[in-house]
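Asker: Next up is a structure, given as structure tokens.
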Amino acid sequence: MTEPAAPVTLDPTDHQILELLREDARRTVRDIASRVNLTVAPVTRRIARLESLGVIVGYTAQINYGRISTYLEAVTELRFAGDLDLAHITQFAAEIPEVQEVLTVAGDPDALVRVRVNGIDHLQKVVNRLRTGGGVTGTKTLVVLESWIRRA
């Protein structure tokens with residue numbers, strides 16, 4: 001496993017550009033430029049720099065799967081035996097396609113895994129797969145009834 005990259009130092013304008021893109025990834029460069037009091041060319045260069053540094057790693061759409069299908073979301077707490085490397089936890093869970101996010105945390109549990117499945121039977125299969133992962137000593141699964149994400 002490679003070492004994590006060193007943190008990048010950003011100026012206030014870079015932070016403002018990131019916040020504007022986080023609010024709306026489809027925002028035009030012209031709109032961003034007007035909001036940060038720069039012209040289009042320097043904003044374009046700054047965004048390209050943020051991408052090349054790995055600060056901006058992609059652009060996505062936020063989808064409410066509850067509006068379009070019978071998807072079910074759940075969060076599973078994972079507990080591991082001993083002093084398992086956190087990178088191993090992430091790598092193990094990332095191999096399961098239904099896993100949407102892995103948070104390794106200090107304390108109990110060791111990790112939180114957010115999954116998206118097609119119903120309770122599918123959830124049971126995914127949780128069983130998580131349980132059989134190397135070193136898992138216990139799980140607890142919580143079904144998401146509704147979610148809210150801060151956008152601004």
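The values are calculated or read from the model by the stated rules, or taken from the named source; none is laboratory data. Here the structure is a predicted model, which means the values were calculated and not measured. Cβ: placed from backbone, ideal geometry, glycine included. Neighbour counts: every protein chain shown. With ligands, DNA and RNA removed, areas are computed over all heavy atoms of the protein, side chains included. Shrake-Rupley method; radii C 1.70, N 1.55, O 1.52, S 1.80 Å.
Asker: Considering only protein heavy atoms, what per residue accessible area in square angstrom results for the chain with a 1.4 angstrom probe? It would help to have the intermediate numbers written out before the result.
Answerer: Working: 10440 Å² over 152 residues.
Value returned for the chain: 69 Å² of accessible area per residue.
Asker: Which whole-angstrom value gives the distance between the alpha carbon centres of segment 44-98 and segment 15-38?
Answerer: 24
Asker: To the nearest 500 deg cm²/dmol, what mean residue ellipticity at 222 nm is calculated for the chain from DSSP H runs of n ≥ 4 alone, each contributing -39,500 (n - 2.57), summed and divided by the residues? Mind showing how you got there, number by number?
Answerer: On the way: 5 runs with 54 residues, N = 152.
Value at 222 nm, helices only, nearest 500: -10500 deg cm²/dmol.
Asker: Compute the FRET efficiency between residue 26 and residue 103 as 1/(1 + (r/R0)^6), taking r as their Cβ-Cβ distance and R0 = 30 Å, and round to the nearest 0.05. Spell out each step's value before the answer.
Answerer: Values: r = 27 Å, r/R0 = 0.90.
It comes out at approximately 0.65.
Asker: Of the heavy-atom accessible surface of the chain (probe 1.4 angstrom), what whole percent is carbon and sulfur? Walk me through the numbers before you get to the answer.
Answerer: Working: 5470 of 10440 Å².
Carbon with sulfur: 52 percent of the solvent-accessible area.
Asker: Further, regarding this structure: Sum up the charges of everything whose Cβ sits under 13 Å from the Cβ of residue 100, counting Lys and Arg as +1 and Asp and Glu as -1, but leave residue 100 out.
Answerer: On the way: positive: 114, 116; negative: 73, 98, 101.
Result for the local shell: -1.
Asker: Still on this structure, I have one more. Of the options 5, 40, 60, report the single residue whose Cα projects farthest towards the positive end of the charge dipole of segment 4-103 (beta-carbon charges: Lys, Arg +1; Asp, Glu -1).
Answerer: Ranked along the dipole, the leading option is 40.
Asker: Length gain on complete extension for the stretch residue 40 to residue 64, per 0.36 nm per residue less the alpha carbon to alpha carbon distance? Show your work: numbers first, answer last.
Answerer: Numbers: separation 24, 0.36 × 24 = 8.64 nm, distance 3.26 nm.
Computed gain between residue 40 and residue 64 is 5.4 nm.
Asker: Residues with beta-carbon under 14 Å from that of residue 112, excluding residue 112: net charge, scoring Lys, Arg +1 and Asp, Glu -1? Mind showing how you got there, number by number?
Answerer: Working: positive: 79, 114, 140; negative: 73, 77, 101, 108, 110.
Result for the local shell: -2.
Asker: Moving on to the next point. For segment 40-110, what percent of Cα pairs sit more than 20 Å apart?
Answerer: Working: 1398 of 2485 pairs.
Beyond 20 Å sits 56 percent of the P(r) for segment 40-110.
Asker: Name the GluC sites (Glu not before Pro) in segment 75-152 that are in a loop by DSSP and that have at most 15 other C-beta atoms within 10 Å, would you? Let's see the in-between values first.
Answerer: Values: sites: 77, 95, 98, 101, 146; in loops: 95, 98, 146.
Here the GluC sites (Glu not before Pro) that fit, given the DSSP loop and packing criteria, are 95, 146.
Asker: At q = 0.13, 0.15, 0.18, 0.19 Å⁻¹, what is the log10 ratio I(q)/I(0) for the chain, with the Debye formula run over Cα points and no solvent?
Answerer: Taking Cα atoms of the chain as identical point scatterers yields -0.79, -0.94, -1.07, -1.11.
Asker: Give the calculated FRET efficiency between residue 83 and residue 57 to the nearest 0.05, with a Förster radius of 25 Å applied to their Cβ-Cβ distance. Provide the component values of the computation, followed by the final result.
Answerer: Working: r = 29 Å, r/R0 = 1.16.
It comes out at approximately 0.30.
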